[in-house]
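Notes to accompany the following structure.
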Amino acid sequence: MKKWLYAAGLALALSASVSVQAADKIAVVNIASLFQQSPQRAIVAKQLESEFKGRAADLQAQERDLQTKMQRLQRDGSTMKASERSRLEKDVMAQREDFSGKAQAFEQDNRRRQSEERNKILSRIQDAVKTVATKKGYDIVIDASAVAYVGSANDITDDVLKQVK
């Protein structure tokens, strides 16, 4: 995401380089800082935690059960009857495959939801940047990560943070 923001800021800077001479006011904003300080980020983190809490607990319980069976197989495998050992090995393999599939699905769903919520927050930040830039009469707003130096007078990060809250 940071790379995308950097690339977008750089592309904006390069594409606007011709019009910079005609621009009256240029501002910078620290998108990464705004995202970290956004009150919605904490709210979303709690929502996602509660949304995935049940599945995470189920996966942890399944992992503990699988580890217990694997330990039993290692510890008692040499003294078990061949049929019992074979059954336990098949059970462990099946449970391992099931666990792996569920864990992968969990991670994908979690990443997808985090991305959706992050994009919502970034969209809200972008709207706030537009609002502040319009109010203050800025022609161009560039992400601070794409700029080597800027005076503090042209940094609108605090104003945008107030708008986002």
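Observations, loosely collected:
- Checking the Cα-Cα distances for 135/165; 46/162; 136/165; 53/120; 81/102; 120/162 against a 27 Å cut-off, the pairs over it are 81/102.
- Counting charges near residue 154 (Lys, Arg +1; Asp, Glu -1) among other residues having Cβ under 14 Å from its Cβ returns a value of -4.
- Counting only whole DSSP H helices of the chain, the ones at least 18 Å long by C-alpha along their axis and with mean Kyte-Doolittle hydropathy no lower than -0.5 are 2-15.
- The chain has equivalent-ellipsoid semi-axes of 55, 16, 11 Å, by the square roots of 5 times the alpha carbon gyration tensor eigenvalues, sorted largest first.
- Taking label points 7 Å from Cα along the Cα-to-Cβ direction, residue 93 and residue 150 give a separation of 6.0 nm.
- Ligands, DNA and RNA aside, residue 99 has an accessible area near 40 Å² when probed at 1.4 Å.
- Where a label projected 7 Å from the Cα of residue 103 along Cα→Cβ would reach, residues of the stretch 69-89 with amide N under 15 Å: 69-71
- Computed with a 1.4 Å probe over protein heavy atoms only, the accessible surface of the chain comes to 68 Å² per residue.
- In terms of overall dimensions, the stretch 25-94 has a Cα radius of gyration and Dmax of 24.1, 82 angstrom.
- Less than 5 angstrom separates the built amide H of residue 143 from those of 29, all sequence-distant by 5 or more or on a different chain.
- The apolar share of the surface of the chain, taken as the fraction of accessible area on carbon and sulfur atoms (1.4 Å probe, ligands and nucleic acids excluded), comes to 51 percent.
The values are calculated or read from the model by the stated rules, or taken from the named source; none is laboratory data. Computed from a predicted model, the values in this text were never measured in an experiment. Backbone-built Cβ (ideal geometry, glycine too); neighbour counts: all protein chains shown. Each accessible area value is taken on the protein alone, full model and side chains, heavy atoms only, with ligands, DNA and RNA left out. Shrake-Rupley method; radii C 1.70, N 1.55, O 1.52, S 1.80 Å.
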